[in-house]
Amino acid sequence: MTKVYRLYRELGLQLRNKTPRRRVKTKLREDRALAIRPNDVWAMDFVHDQLATGRKLRILTVVDTYSRLSPEVDPRFSYRGADVVAALDRACREIGYPKTIRVDNGSEFISRDMDLWAYQRGVILVFSRPGKPTDNAFIEAFNSKLRSECLNAHWFLSMQDACEKLEAWRRH
């Protein structure tokens, strides 16, 4: 190192100072509500799979972080914000509305439809930090169980077949 420095000085070169990257201070996550009863906090995410024909599936998974009950496991070929809202309405009609829903920053969850739905029903949407799946660890653990116990164990021949097998697994 000293030899290089000496050569730089003899040649009149300047050492290039690397400017340090700006580090964003991570906000303490104390504001995240803990679930103390059912329907306090739900978590939502998507899981990807495919039919036996190779056609891709997206599966919306929702779990109550207190009771570990899954009110919704909904497979579709594609999802938009309005589809997520319809699935949530279906689930909420059965067991009630949550106070808070934890989601990632997917386009379906940051859509206007989802924002309006949450505002009208008094539901707070809590978004995880980009690249931090541990902010929504409950749904990640649920998706892991879904993958190992259902998706890896079954071939889905059609959308109807996928709906039936996923619903049977969810109820079990």
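The values are calculated or read from the model by the stated rules, or taken from the named source; none is laboratory data. Since this is a predicted model, take the numbers as computed values, not measurements. All Cβ positions, even for glycine, are placed from backbone atoms using ideal geometry, and neighbour counts span all protein chains on display.
Kindly provide the set of residues from region 38-65 that are more than 17 Å from the chain's Cα centre (by Cα) and over 16 Å from Ile124 (Cα atoms), ordered by number. Talk me through it step by step, then tell me what you get.
Filtering region 38-65 down to residues more than 17 Å from the chain's Cα centre (by Cα) leaves 38-40, 50-56.
Of everything in region 38-65, those that are more than 17 Å from the chain's Cα centre (by Cα) and over 16 Å from Ile124 (Cα atoms) turn out to be Gln50, Leu51, Ala52, Thr53, Gly54, Arg55, Lys56.
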Any chance you could count how many residues in region 107-121 are part of a helix (DSSP H, G or I) and in contact with a strand residue (DSSP E or B) (Cβ under 6 Å, 6 or more places away or on another chain)? 1
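Within region 66-73, can one find any residue that is of a type in the set (Asp, Glu), surrounded by 14 or more Cβ atoms within 10 Å (Cβ to Cβ), touching a Ser or Thr at 6+ places or on another chain (Cβ under 8 Å) and under 19 Å from Phe156 (Cβ atoms)? Before the answer, list the steps.
Start the filter on region 66-73 by keeping residues that are of a type in the set (Asp, Glu), which leaves 72.
If we keep only those that are surrounded by 14 or more Cβ atoms within 10 Å (Cβ to Cβ) as well, we get 72.
From the residues that got through so far, the ones that are touching a Ser or Thr at 6+ places or on another chain (Cβ under 8 Å) too are 72.
In the following step, the residues that additionally are under 19 Å from Phe156 (Cβ atoms) were identified as 72.
Looking for residues that are of a type in the set (Asp, Glu), surrounded by 14 or more Cβ atoms within 10 Å (Cβ to Cβ), touching a Ser or Thr at 6+ places or on another chain (Cβ under 8 Å) and under 19 Å from Phe156 (Cβ atoms), one finds at least one in region 66-73, hence yes.
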Do you know which residues across region 79-128 are of a type in the set (A, V, I, L, M, F, W, C) and farther than 13 Å from Trp42 by Cα? Ala82, Val84, Val85, Ala86, Ala87, Phe109, Ile110, Met114, Leu116, Trp117
Taking region 135-172 on its own, how many of its residues are within 19 Å of Phe77 (Cα to Cα) and of a type in the set (Phe, Trp, Tyr)? 2
Considering only region 115-172, how many residues are surrounded by 15 or more Cβ atoms within 10 Å (Cβ to Cβ), polar (S, T, N, Q) and modelled with pLDDT under 90? 2
Residues that are surrounded by 18 or more Cβ atoms within 10 Å (Cβ to Cβ) and either among the charged types (D, E, K, R) or in contact with a Ser or Thr (Cβ under 8 Å, 6 or more places away or on another chain) (or both), drawn from region 47-62: Val47, Asp49, Thr61, Val62
Could you please give the count of residues in region 88-146 that are closer than 18 Å to Leu34 by Cα and either free of Cβ contacts under 8 Å to residues at least 40 places away in the same chain or among the β-branched types (Val, Ile, Thr) (or both)? 15
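If you take the residues of region 116-172 that are among the hydroxyl-bearing types (Ser, Thr, Tyr) and closer than 22 Å to Leu57 by Cα, which of them is nearest to the chain's Cα centre (by Cα)?
Once the filter is applied, the top-ranked residue is Ser144.
Going by the conditions given, is Gln14 of a type in the set (S, T, N, Q), modelled with pLDDT under 95 and loosely packed, with under 12 Cβ neighbours inside 10 Å?
On the way: of a type in the set (S, T, N, Q): yes; modelled with pLDDT under 95: yes; loosely packed, with under 12 Cβ neighbours inside 10 Å: yes.
Spelling it out, Gln14 is indeed of a type in the set (S, T, N, Q), modelled with pLDDT under 95 and loosely packed, with under 12 Cβ neighbours inside 10 Å.
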